[in-house]
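Visitor: Okay, here's the structure, questions in a sec.
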Amino acid sequence: MRGWWARSRLRTKIFLVFSGLILAVLLLTLGATQLVVSRQTQATLRHELWTTGQVFQGLVQERTSRLLTNSTLLAGDFALKRVLATYDATTLMSAALSYQQRIGVDLLWITDEHGAVLADARGHQRPGASLAQVSPIKEALTLGDAASVIAEVEAGLFQLVAVPVHGPDVIGFLILGQAIDDVFAEQLEHDTGSHVAFLTATRVFASSFSGAERAKFVALEQTASALLAEHALQEPFLFRLGDERFLSLVSVIEAHLSSPLYVVLLGSYDEAFAPFYMLRRRILLIGAGGLVMALLVGVGLAGGITAPVQTLVAGMREVLKGNLGYRSGIDRDDEIGFLANAFNEMVGGLEEREKIRDLMNKVVSPEIAHEMLQHGVTLGGEVREVTVLFADIRGFTSFSEGMPPQDLLRLLNAYLGRMSRIIERENGVIDKYIGDEVMAVFGTPLAQPDHAVRAVAAAVEMLRELAGFNAEQQAVSPLVPRLRIGIGIATGPVVAGNVGSPERLNYTVLGDTVNLASRLQSLTKDYGTALLMSGLTYEQVAQRFPCRFLGQVVVRGRQEETALYTVQRDDVGGTE
Amino acid sequence: MVGRFLFFFLQCLALCVALPSFAGEITGQVLRKDGAGIAQAVVFVQALPVGVAAPTGPWKAEMDQMQREFTPSVLPIAVGTEVRFPNRDQIHHHVYSFSRTKSFELPLYKDEEAAPVLFDKSGIVKIGCNIHDWMTATIFVVPTPYFVLSDEAGRFHLKDLPAGNYPLAVWHESSLAKPEDTVQTVQVGTQTSEVSFALETAPPRPRPGSRKGGGY
């Protein structure tokens, strides 16, 4: 069983190979691009995130130091010292408000040298309340120097700085705070290009997300602890927020809170990959376009190559069917054109040869024609054992005189045609017609071991056919005479070959056996039988036909006696 | 005229009552726990014994500004002392204090004499210069006129004390103990009394603005 591929048409194969190649190249290109770009983008994103982390640290430190500078400068302001030394709550309150506006901080407290509140610019802290245990005042009290801390104040996250006010001994503390809120996160996002979020395991204090994203992120509060626990600090991981993915980095920020404060930096993965996605879409689009074009070209090319081949194949089928008149109409100058011309010439040659063969079959028997075509026509021959049959119409001359020549010829042709067909059916070869006489040979040019049997069978059949023939003729015209024939059959060696001149040859058999068969035919009248066969023939057919011995006779031109036999049948045995 | 005489007489009488016939002395040393002497410690009588009348003022003292420093850096005075702050530099100074004991301000001055400042309440007064943060000094206002500064070895010598039992205390800038917690009662008689103080001191720490040398 041959595979599907072997059975596929040439056009399909070319097309499949073509498109498969293009598809492979396209996929390979896409795959390689994806691999390289993806790796590159990831590395870039990681590096960017790392840089953002550094920038972020710098920004936070810078803010702290600016806060520290501002508060130190303000604490050194003599007017502040002077107003602080009044310890007058109302005055200090208004002054605090003024200072807050001047520096632009979110929170400004003034305490006395023991940490008791003197003023809060926002008016939240009750005057007199002790902040001695509150960071960073606690640290500043202990150190007698500036201290800074990130702490939760009234549910908000603040970067706080406490500096002592020297008058010149410590006469109080100035506490400045900057809120770590969404505004700050958004500013960081603006500066670094990455989203920023400040959160503990239980709460999101601030994030640079806005709108729907913010809602989504804040809704993550419950999972925040899981999120934080899942990923090692300072190790980038992929974080999904809604439909968007972020490469994220978690770090701890030192703060005075009940649980650790984390800052999460989120670089948009999808945003970073957007150019790559666009590139991929374009490659796909170009690839698809290329594929379609290539397929069209492939179809055209495959068609161009295979169409003439298909035509030739169709032509070949026609020729196989026997239509030798077929000619391909391909007119090209390339190899296909050459092939088509060769095909046409070849079929032309075949047709001519077939014509010759046909003609030959009419002149010589098909077997001889075949033998001649097969082995060429040369003078000379070979000795073969054959059976020769002669059949002759009795009294032909007498009844031919009373008939118009046309009718006679028609009758003769009808008779010879019927007889010839029987002989040929038994693979006998009509050697020649001699007037009304037929000479046939069995066993040459094609060797047939049962040539004698075939000859006798043909003879018996000829006699039966003749009865039918006569009945038909009588039915047409009762005036037509009944034909009677005599058949002589002899078996023996003959010389078979071409006889004549090199220009004109005749395939025939010669020898004593031929003469014997002719004589036997002549003798049928004397023995009152339609069929006579020689002893040699009898020996070969005795098993197949019931024969009768008619006697020994010395045939004219022969030395020894020949045994005569006939087939014992009603239609044979009659002496008509 | 008669009134003047009478006043003088009464003064003399009071002096005779106040001053006993002889005066006692207290000597001693202020030491750190490790035995090293503490200089610049103020040893003072916290309160006068019953029956001892203190000499009254007016007392005067000075704290100079020289080479952009206060001199001396520690100045013990009795309550009621007027302190002058002469500026001996060629630049302006702005002496001030917002200490609870005494809040005052001598706005920028150079050549002219600033008005003396009366310290009428005992306690510690830190003195600073508004335009030179490193310039600081301490005026320790003692409730009695009996006080002395320890020398380099931490030794002190209080003289001319009338007999009696004196609560003696010590103050030092870096002492961790409050002066009232260092009180030792010392009996002053004909002989010199010996007493020593052991103080726990904090290591000196730099203060913002103490970075001298930046110039001006």
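Read-outs throughout are calculated quantities, based only on the coordinates presented, and are distinct from any laboratory measurement. This structure is a prediction, so every number in the text was calculated from the model and none was measured. No Cβ is skipped: glycine too gets one built from the backbone with ideal geometry, and neighbour counts run over all protein chains shown.
Visitor: To make sure I understand the rule: partners must be aspartates and glutamates, Cα under 19 Å from the Cα of A:LYS355, and not fewer than 8 residues away in the same chain. Which ones qualify?
Guide: Straight-line reach from A:LYS355, under 19 Å: A:GLU318, A:GLU345, A:GLU367, A:GLU371.
Visitor: What are the ³J(HN,Hα) couplings of the range B:187-198, residue after residue, when phi is run through the Karplus curve with 6.51, -1.76, 1.60 and θ = phi - 60°? Round to Hz, x for glycine and proline.
Guide: Result, rounded to whole Hz: 8, 9, x, 7, 8, 7, 8, 10, 8, 9, 10, 10.
Visitor: Bin width 5 Å, alpha-carbon pairs only: give the P(r) of the range A:311-350 as whole percents, running from 0 to the bin holding the largest distance.
Guide: Per 5 Å bin, starting at zero, the Cα-Cα P(r) for the range A:311-350 comes out as 7, 29, 35, 20, 8, 2 percent.
Visitor: What does the net charge come to around B:GLN187 if you take all other residues with beta carbon closer than 15 Å to its beta carbon, with K and R at +1 and D and E at -1? Please list the in-between numbers first.
Guide: Working: positive: none; negative: B:GLU25, B:GLU194.
So the environment of B:GLN187 carries a net charge of -2.
Visitor: In which sequence would A:VAL105, A:VAL388 go, from the one with the fewest C-beta neighbours within 10 Å to the one with the most?
Guide: Details: A:VAL105 23, A:VAL388 32.
Ranking A:VAL105, A:VAL388 by Cβ neighbours within 10 Å, fewest first, gives A:VAL105, A:VAL388.
Visitor: Still on this structure, I have one more. Could you check the simple spin-label distance between A:VAL17 and A:LEU296, using points 7 Å along Cα→Cβ, in nm with one decimal?
Guide: 2.4
Visitor: So who's got an amide H within less than 5 Å of the one on A:LEU550, skipping anything under 5 residues away but keeping other chains? H placed 1.01 Å off N, in plane.
Guide: A:LEU564, A:TYR565, A:THR566
Visitor: Further question: How large is ³J(HN,Hα), in whole Hz, for each residue of the range A:49-58 in order, when computed from phi with the Karplus curve 6.51 cos²θ - 1.76 cosθ + 1.60 and θ = phi - 60°, using x for Gly and Pro?
Guide: Listing the rounded values in order: 5, 4, 4, 4, x, 5, 4, 4, 4, x Hz.
Visitor: Can you spot the lysines whose alpha carbon is less than 17 Å from A:LYS81's alpha carbon? Ignore those fewer than 8 places along the same chain.
Guide: Once the sequence-local lysines are set aside, what remains near A:LYS81 is B:LYS102, B:LYS126.
Visitor: For the range A:506-566, restrict the atom set to alpha-carbon positions and state the Rg and Dmax in Å.
Guide: 12.0, 37
Visitor: What is the Cα radius of gyration of the range A:76-179 over 2.2 N^0.38 Å, N being its residue count? Write down the numbers at each step before the final one.
Guide: Numbers: Rg = 12.1 Å, N = 104, 2.2 N^0.38 = 12.8 Å.
Compared with the compact-globule rule of thumb, the range A:76-179 sits at 0.94.
Visitor: Grab the alpha carbons of chain A, take their convex hull, and tell me the volume per residue in Å³.
Guide: Working: hull volume 183.8 nm³, N = 576.
Dividing the Cα hull volume of chain A by its residue count gives 319 Å³.
Visitor: Same structure, new question: Hey, what do the phi angles of the range A:147-162 turn into as Karplus ³J(HN,Hα) couplings, whole Hz, using 6.51/-1.76/1.60 and θ = phi - 60°, x for Gly and Pro?
Guide: 9, 9, 7, 9, 9, 8, 10, 6, 6, x, 9, 10, 9, 10, 10, 10
Visitor: Under the definition of Cα pairs under 8 Å and six or more residues apart, what whole-number percent is the relative contact order of chain A?
Guide: On the way: 902 pairs, mean separation 51.1, N = 576.
Worked out over chain A, it gives 9 percent.
Visitor: Quick one: net charge around B:HIS157, please, counting Lys, Arg +1 and Asp, Glu -1 for every other residue with C-beta under 13 Å from its C-beta.
Guide: On the way: positive: B:ARG155, B:LYS159; negative: B:GLU25, B:ASP151, B:ASP160, B:GLU194.
Net of charged neighbours comes to -2.
Visitor: Would you mind computing, in nm to one decimal, how far apart the modelled labels at B:ARG88 and A:ARG418 are, each placed 7 Å from Cα along Cα→Cβ?
Guide: Going from the B:ARG88 label point to the A:ARG418 one covers 17.6 nm.
Visitor: In straight Cα distance, which lysines are under 30 Å from A:LYS13, not counting same-chain residues fewer than 8 positions off?
Guide: Counting by Cα, and skipping residues close in sequence, A:LYS13 has these lysines nearby: A:LYS321.
Visitor: Can you pull the Kirkwood radius for the range B:59-142, inverse mean 1/r over Cα pairs, to one decimal in Å? Working shown, then result.
Guide: Values: mean 1/r = 0.0804 Å⁻¹.
The Cα-based Kirkwood calculation yields 12.4 Å.
Visitor: Here's another thing I want to ask about it. What percentages, rounded to whole numbers, describe P(r) for the range A:454-495 computed over all alpha carbon pairs with 10 Å bin width beginning at zero?
Guide: 25, 38, 24, 10, 3
Visitor: Using a Förster distance of 22 angstrom, determine the FRET efficiency expected from the C-beta separation of B:GLN184 and B:ASP34, and round it to 0.05. Walk me through the numbers on the way to the answer.
Guide: On the way: r = 20 Å, r/R0 = 0.91.
After rounding, the FRET efficiency stands at 0.65.
Visitor: Still on this structure, I have one more. Largest first, please: the extent of the C-alpha atoms of the range B:10-161 along each principal axis, to the nearest Å.
Guide: 51, 49, 26
Visitor: So if I take the centroid of the Cα atoms in the range A:186-200 and the same for the range B:148-171, what is the distance between those two points in Å?
Guide: 65
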